[in-house]
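Notes follow once the structure below has been shown.
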């Protein structure tokens with residue numbers, strides 16, 4: 001938020017992450033929302049959003065941005081924050097040409113990863129990510145294995161995971 005001078009950061013939880021569905025198990029949307037909400041409660045200016053869950057169906061970022069633009073007005077700047085690992089996939093996103101015109105793309109890099117080439121035609125801001133090189137897949141695997149994620153995940157999120165009995169934690 002500081003690097004991008006954002007007023008607010010929405011953690012928008014996908015209802016149906018259509019590019020992942022069918023390729024691997026997906027944690028239910030309500031559980032993902034509960035974890036996002038637990039995280040948001042620990043950081044000023046961060047808000048968990050159910051807008052894609054409430055809309056239902058596959059979650060297309062362009063539809064979410066259009067809904068935000070309608071709610072905030074045409075002059076609001078919308079910054080879409082993504083991990084650098086998603087840059088090569090941008091061309092496969094739904095209505096990507098329209099999305100490119102609606103947002104500034106903020107690309108967050110991992111500390112050990114090579115920065116991908118800037119996606120052509122996008123307004124891009126580069127942000128150095130946290131110095132912890134870990135993915136959500138690695139966190140889930142650690143939890144399933146019974147390993148501690150104490151230094152990787154905020155305590156509020158760990159409590160949420162335990163409360164909802166996710167990823168075999170505490171078993």
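Since every read-out is calculated from the coordinates, none of them should be taken as a lab result. In this text, all values refer to a predicted model and were calculated from it rather than measured experimentally. Virtual Cβ from ideal backbone geometry, glycine too; neighbours counted across all protein chains shown.
Some observations on this one:
- Helix 155-164 and the longest principal axis of the C-alpha atoms of the chain enclose an angle of approximately 70°.
- Distance in nm between pseudo-label sites at residue 72 and residue 141 (7 Å out along the Cβ direction from Cα): 3.5 nm
- Computed per residue of the chain from DSSP H runs no shorter than four, each worth -39500 (n - 2.57), the mean residue ellipticity at 222 nm is -9500 deg cm²/dmol.
- Spacing of the two label points (7 Å from each Cα toward its C-beta) at residue 4 and residue 112, in nm: 2.5 nm
- Rounded tilt (10° steps) of 61-72 against the dominant C-alpha axis of the chain: 70 degrees
- For segment 9-132, the square roots a ≥ b ≥ c of the C-alpha gyration tensor eigenvalues yield an a/c under 1.5, which makes the shape rounded.
- Overall Cα dimensions of segment 1-75, principal axis frame, Å, largest first: 37, 30, 21
- Placing R0 at 30 angstrom, the Cβ-Cβ distance between residue 101 and residue 50 gives a FRET efficiency of 0.70 after rounding to 0.05.
- Extension gain, residue 94 to residue 151: 0.36 nm times the residue separation minus the Cα-Cα distance gives 17.0 nm.
- Estimated distance in nm for a label pair at residue 120 and residue 21, the labels positioned 7 Å out from Cα along Cα-to-Cβ: 3.1 nm
- Length-normalised contact order of segment 9-132 in % [C-alpha pairs under 8 Å, at least 6 apart]: 21 percent
- Among 10-19, 141-150, the order from most to least packed when residues are scored by Cβ within 10 Å on average: 10-19, 141-150
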